Amino acid sequence: MNSMSVWEATANERPKRPVLQGEKTCDVVIVGGGFTGLSVAYHLQQRNVETVVLEKGVVGGGASGRNGGEVLIGYVESMRSLAKKYGRAAARQMFQMSLDSIDLIERIIQEEDIACDFQRNGNLLAAYKPSHLDDLKREQQFLYEAYQFESKIVEKEDLHTELDSSFYHGAFVDERSAIFHPLNYCLGLAKAVERRGGTIYEHSQATKIERVTPDKVIVETHNGRIVAQQVGLFVNAYTTGLHDVIDRAIVPVESIVLATEPLPPALCQQLIKHNRAASDTKRLLYYFRRTADNRMVFGGSGRTASKRDARTLFDKLREGMVTVFPTLKDAKVEYKWSGKVGFTFERIPYIGQLEDGTHFAFGYAGHGAAMSTLLGKLVALNMLNEGDRHNPLDRSRLKPIPFHSQHARAVGIMKYYFKFLDYIS
């Protein structure tokens, strides 16, 4: 079994990029070569703003190249819940942003001719318990009444029209979500940045940010430094200790994923009938989808402290896959990998600019494949002083999460609690 991701194993050609050496200058220096940072660079280069991207590893080496490739509308919480928290007007704007995010990705893929197996066939959210289907029906009604957004409910007796599984009690389906090969999208976005004159340095970890004047910032690496007018930090859950305020405002949570061997096309078609993104309503959820080469990708929550723990978690994940899809009991697992998902205290993404001038966007809570490209564009607009400062996701007055240093222990406790809630709900 291979410990690399299926995306890395099936990636398009990856050019070798230089390591930063010596001093360079540009207009904007961007830390992080994932979806968000590359989107910032892409949209700035479209406006002839010279950008440099510093990536500590390789482009797409973090969550952007390791996620499940599900490009979803909405957020980790229901829109009903978000409307109660933030008001109907703010929630409406947030929902529209989630729709716009997928439109933007689709447009970039078309305009830049990015080969990433983008398929916009919608998303299926499967009800783990009968009561969860009732909640999904209430969400469907809210979305239509508040936003005129059409979706459908699939009752348990009809679920065979969507999934080859009797594990769930029905589902909510939207037709606007998508799937793609996340690493190939990331690699294509990087090439688009470079075609427009941007520079990407790999294996060039930023080690220090120094604001010299309001119009001059220096970002140092082990072998060089960038002198720029503006700086943005976009490492999400892969925090590096580079900026204490941002580091203490995000909680990394590990997700584990496996991919089967290529399956017979007829079997793969049978498993998820309409080739949708899919996940379920458990708090410790499963998410799953087909790939272009007829594999099943199946993911869930994980926290691997040792190789033995990792084996146990992946064994349990495979058991979960077979529980959902019994026809996969003999399917060989060819790839298994893990990655970090970033959560904020409010479980919504944050965007903004701190008092020291640092721009940021992070905390996608599993929805980064969709939202990160859009938030990168919005950061670029902010850097050009053309952004909307009334953005409901703006947290320019960023505050650390209380007792952040204990987050690893807290996450472990919460997972046991969520498992209990899944059992009794």
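The values are calculated or read from the model by the stated rules, or taken from the named source; none is laboratory data. Keep in mind it's a predicted model, so treat the numbers as computed, not measured. For neighbour counting, all protein chains shown are included, and Cβ atoms are generated from backbone atoms with ideal geometry for every residue, glycine included.
Restricting attention to the stretch 43-58, and to residues there that are outside any strand (DSSP E or B) and among the β-branched types (Val, Ile, Thr), which single residue is surrounded by the fewest Cβ atoms within 10 Å (Cβ to Cβ)? Across the stretch 43-58, the extreme among qualifying residues is 58. Checked against (1) under 24 Å from residue 138 (Cα atoms); (2) in contact with a Phe, Trp or Tyr (Cβ under 8 Å, 6 or more places away or on another chain), residue 75 passes all but a single condition, namely (2).
Candidates are the residues of the stretch 257-288 that are within 15 Å of the chain's Cα centre (by Cα) and over 21 Å from residue 348 (Cα atoms); the one that is surrounded by the most Cβ atoms within 10 Å (Cβ to Cβ) is 288. Residues in the stretch 113-129: is at least one touching a strand residue (DSSP E or B) at 6+ places or on another chain (Cβ under 9 Å), crowded, with 20+ Cβ neighbours inside 10 Å and part of a helix (DSSP H, G or I)? No, because not a single residue in the stretch 113-129 is touching a strand residue (DSSP E or B) at 6+ places or on another chain (Cβ under 9 Å), crowded, with 20+ Cβ neighbours inside 10 Å and part of a helix (DSSP H, G or I). Listed conditions (1) within 21 Å of residue 291 (Cα to Cα); (2) free of Cβ contacts under 8 Å to residues at least 24 places away in the same chain; (3) among the aromatic types (Phe, Trp, Tyr) are all met by residue 144, apart from (1).
Results for (1) hydrophobic (A, V, I, L, M, F, W, C); (2) more than 30 Å from residue 133 (Cβ to Cβ); (3) not in a loop (DSSP other than H, G, I, E, B), shown as yes or no for each residue.
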position: 183; (1), (2), (3): yes, yes, yes
position: 191; (1), (2), (3): no, yes, yes
position: 208; (1), (2), (3): no, yes, yes
position: 218; (1), (2), (3): yes, yes, yes
position: 232; (1), (2), (3): no, yes, yes
position: 249; (1), (2), (3): yes, yes, no
position: 252; (1), (2), (3): no, yes, yes
position: 259; (1), (2), (3): yes, no, yes
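Listed here are the residues, each with its yes/no results for (1) in contact with a strand residue (DSSP E or B) (Cβ under 8 Å, 6 or more places away or on another chain); (2) under 20 Å from residue 245 (Cβ atoms); (3) modelled with pLDDT under 95.
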position	(1), (2), (3)
355	no, yes, yes
371	no, no, no
377	no, no, no
390	no, no, yes
413	no, no, yes
421	no, no, yes
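Per the conditions (1) within 17 Å of residue 374 (Cα to Cα); (2) free of Cβ contacts under 8 Å to residues at least 24 places away in the same chain; (3) of a type in the set (Ser, Thr, Tyr), the sole criterion not satisfied by residue 81 is (1).
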